[in-house]
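J.: Would you mind keeping the following structure in view while I ask a few things?
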Amino acid sequence: MTSGFFNGIERIQYEGVDSQNPMAFRHYNPDEVILGKRMEDHLRFAVAWWHSFAWEGGDPFGGPTLERPWHPQDDMGRARMKADIAFEMFELLGQPYFCWHDADIRPEQGNFAENLNALEEITNYIGEKMQVSGTKLLWGTANMFSHRRWMSGASTNPDPDVFAYAAATVKSCIDATHKLGGENYVLWGGREGYETLLNTDLKTELDHMGRFLNMVVEYKHKIGFKGTILVEPKPQEPSKHQYDYDAATCIGFLRKYGLENEVKLNLEQGHAILAGHSFEHEIAVAAAEGMLGSIDMNRNDYQSGWDTDQFPNNTPEVALAYYYILKAGGFTTGGTNFDAKIRRQSIDAVDLVSAHIGGMDICARGLKAAAAMIEDGGLDAALSDRYSGWNTPKAASMLESSLEQVYDRVIDEDINPAPKSGRQEILENYVNRFV
Ligand code: XUL
Ligand code: CO
């Protein structure tokens, strides 16, 4: 028996591009083979528990707009009802994965031991539902930014008791993720940053965060958790200055603390934009270091300048993201998580389902465009042509020589480079043929 929350909505089917049915996929066809792999296995979609089921529709000017049968979320009975309804939506969408924070799935009990009991109980309940439905856990994570105890940071908090509470929280969330067969564990440093330097010892905080992450990795190996540990860059919001600003900053941090072979990145499109980058830039930076882990596929509003966490709906952007993901070899343990919420006026169950249909479809469309560009090879050809000068033995050997030897070469051979076109517009026109 279902709850009736999604009454009138049937399991969403693939009907092809000519379908006029708003409750059907027009591009997402899980079994369709793209570059030798099923679409579902390329995209590895996940629903985010927090935005879809825990967020109540509040904004800085007003309270909840979404009225759900599992509100208020302060009771274990309603936490179970929320799980029941979440799995009803997973059944309708057929996406293979979901993700959670501890605080999304269990009510806040006010102290660590009771939170732990509640987490145990609800993850056992969710585990049974996963067995029945076959839906899997892409990643678990700890919410160490909402409750007031985290206001000055988690691992970077000046108070060692908060560091301890954070360490215990992450241990409990890795245990729960491991129990549920999660394929990754994410750490987003929501309050790992600062508001003013006047009260902040930046070096100490970074050292504490580096040690904290090493403790996490040591523990992962100790319990035999095979999933990937991921950190999620974001430049600001909620902290004015976040230590995990963007992919490049995180990579530098991970190398400094000896974590470059242990931790990868969970990149979010909206966070890339807040950092002044394109999503494909962040993906390419991570891929160049072998640190591309997973993605949060949610866009920001380009006019607002804050993290609006909207479902993706821009094919050219999504296509380029998947192009660089495919070029990097695709996902291994990672996937496409919709860290996205409906707008606060979208109060009906059908809005929630439709948002996911649209997000999944736009990603499928982007993936198909990306695969077509790879098969066509136009961008690869342009790239190898642009760098072809380096294929000559003379150019290649320059990298093995010294600054003076290169200097001598310029004098002896009277080198005087002739500028060559970067062909940006031609390449943009090329991409537009596919999207
Ligand atoms: C916040 C954000 C988080 C992380 C998980 O901007 O993206 O939801 O993805 O904590
Ligand atoms: Co995110």
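The values are calculated or read from the model by the stated rules, or taken from the named source; none is laboratory data. From a predicted model like this one, the values you see are computed outputs, not experimental measurements. Reconstructed Cβ throughout: ideal geometry from the backbone, glycine too, with neighbour counts over all protein chains shown. In case anyone asks, the SASA skips ligands and DNA or RNA and just uses the protein heavy atoms, side chains included. Shrake-Rupley method; radii C 1.70, N 1.55, O 1.52, S 1.80 Å.
J.: Which one of these is modelled with pLDDT of 95 or more, at negative phi and touching an Asp or Glu at 6+ places or on another chain (Cβ under 9 Å): 330, 358, 366?
T.: Values: 330 fails: at negative phi; 358 fails: touching an Asp or Glu at 6+ places or on another chain (Cβ under 9 Å).
None of the others qualify; the one that does is 366.
J.: Going by the conditions given, is residue 272 in contact (Cβ under 8 Å) with a residue 12 or more places away in the chain and open to solvent by less than 10 Å² (accessible area, probe 1.4 Å)?
T.: Working: in contact (Cβ under 8 Å) with a residue 12 or more places away in the chain: yes; open to solvent by less than 10 Å² (accessible area, probe 1.4 Å): yes.
Judged against the criteria, residue 272 is a match.
J.: Residues in segment 302-320: is at least one touching a residue at least 24 places away in the same chain (Cβ under 8 Å), under 14 Å from the mean Cα position of the chain (by Cα) and part of a helix (DSSP H, G or I)?
T.: Yes; the residues of segment 302-320 include at least one that is touching a residue at least 24 places away in the same chain (Cβ under 8 Å), under 14 Å from the mean Cα position of the chain (by Cα) and part of a helix (DSSP H, G or I).
J.: To continue, here is another question. Could you please find all residues in segment 278-298 being touching a residue at least 40 places away in the same chain (Cβ under 8 Å) and not hydrophobic (A, V, I, L, M, F, W, C)?
T.: 278, 280, 282, 293, 294, 296, 298
J.: Between a residue in segment 57-70 that is free of Cβ contacts under 8 Å to residues at least 24 places away in the same chain and any residue that is assigned to a loop (DSSP other than H, G, I, E, B), which pairs come within a Cβ distance under 7 Å, given they are 6 or more apart or on different chains?
T.: Every condition considered, the pairs that remain are 64/56; 64/57; 64/58.
J.: So is residue 291 away from ligand 2 (no atom under 16 Å from the Cβ), under 17 Å from residue 232 (Cα atoms) and open to solvent by less than 30 Å² (accessible area, probe 1.4 Å) or not?
T.: Yes; evaluated as a whole, the condition is true for this residue.
J.: Do any helices (runs of 4 or more DSSP H) entirely within segment 49-147 hold 2 or more residues that are closer than 20 Å to residue 238 by Cβ, and if so, which?
T.: Details: elements: 76-93, 102-105, 112-133.
In segment 49-147, 102-105 are the helices (runs of 4 or more DSSP H) which contain 2 or more residues that are closer than 20 Å to residue 238 by Cβ.
J.: Output the qualifying pairs, or none if there are none: Cβ atoms under 7 angstrom, residues six or more apart or on different chains, first residue in segment 183-201 and within 11 Å of ligand 1 (Cβ to nearest atom), second residue of a type in the set (Lys, Arg) and part of a loop (DSSP other than H, G, I, E, B).
T.: From segment 183-201, the pairs are 188/234.
J.: On to the next question. Are any residues in segment 42-87 open to solvent by 50 Å² or more (accessible area, probe 1.4 Å) and within 16 Å of ligand 1 (Cβ to nearest atom), and if so, which ones?
T.: Once the filter is applied, which keeps residues that are open to solvent by 50 Å² or more (accessible area, probe 1.4 Å) and within 16 Å of ligand 1 (Cβ to nearest atom), segment 42-87 yields 55, 56, 59, 60.
J.: Just give me the residues in segment 342-379 being open to solvent by less than 40 Å² (accessible area, probe 1.4 Å) and outside any helix (DSSP H, G or I), in sequence order. If you could, list the steps in order and put the result at the bottom.
T.: Going residue by residue through segment 342-379, those that are open to solvent by less than 40 Å² (accessible area, probe 1.4 Å) are 342, 346, 349, 352-353, 355-364, 366-367, 369-373, 377-379.
342, 346, 377 - these are the residues of segment 342-379 that are open to solvent by less than 40 Å² (accessible area, probe 1.4 Å) and outside any helix (DSSP H, G or I).
J.: So, residue 254, is that one part of a loop (DSSP other than H, G, I, E, B), away from ligand 2 (no atom under 16 Å from the Cβ) and either open to solvent by less than 10 Å² (accessible area, probe 1.4 Å) or in contact with a Lys or Arg (Cβ under 7 Å, 6 or more places away or on another chain) (or both) or not? Please lay out each step first, then the result.
T.: Numbers: part of a loop (DSSP other than H, G, I, E, B): no; away from ligand 2 (no atom under 16 Å from the Cβ): yes; either open to solvent by less than 10 Å² (accessible area, probe 1.4 Å) or in contact with a Lys or Arg (Cβ under 7 Å, 6 or more places away or on another chain) (or both): yes.
No, not satisfied.
J.: For a quick check of your reading of the model, give me the residue pairs whose first member lies in segment 88-107 and is within 14 Å of residue 126 (Cβ to Cβ), whose second is more than 16 Å from ligand 1 (Cβ to nearest atom) and in a strand (DSSP E or B), with beta-carbon atoms closer than 6 Å and at least 6 apart or on different chains.
T.: Once the first residue is within 14 Å of residue 126 (Cβ to Cβ) and sits in segment 88-107, its partners that are more than 16 Å from ligand 1 (Cβ to nearest atom) and in a strand (DSSP E or B) give 97/136.
J.: Quick check on my filter: what residues within segment 223-248 are under 25 Å from residue 305 (Cβ atoms) and away from ligand 1 (no atom under 16 Å from the Cβ)?
T.: Going through segment 223-248, the residues under 25 Å from residue 305 (Cβ atoms) turn out to be 231-248.
Listed by number, the list holds a single entry, 248.
J.: Give the residue, chosen from 418, 396, 382, that is open to solvent by less than 50 Å² (accessible area, probe 1.4 Å) and either in a loop (DSSP other than H, G, I, E, B) or under 27 Å from residue 316 (Cα atoms) (or both). Please lay out each step first, then the result.
T.: On the way: 418 fails: open to solvent by less than 50 Å² (accessible area, probe 1.4 Å); 396 fails: either in a loop (DSSP other than H, G, I, E, B) or under 27 Å from residue 316 (Cα atoms) (or both).
Only one candidate passes the filter, namely 382.
J.: I would also like to ask the following. Return only the number of the condition from (1) open to solvent by 10 Å² or more (accessible area, probe 1.4 Å); (2) among the hydroxyl-bearing types (Ser, Thr, Tyr); (3) within 16 Å of ligand 2 (Cβ to nearest atom) that residue 302 does not satisfy.
T.: (3)
J.: Residue check: is residue 75 of a type outside the set (Gly, Ala, Ser), over 29 Å from residue 358 (Cβ atoms) and free of Cβ contacts under 8 Å to residues at least 60 places away in the same chain?
T.: On the way: of a type outside the set (Gly, Ala, Ser): yes; over 29 Å from residue 358 (Cβ atoms): yes; free of Cβ contacts under 8 Å to residues at least 60 places away in the same chain: yes.
Spelling it out, residue 75 is indeed of a type outside the set (Gly, Ala, Ser), over 29 Å from residue 358 (Cβ atoms) and free of Cβ contacts under 8 Å to residues at least 60 places away in the same chain.
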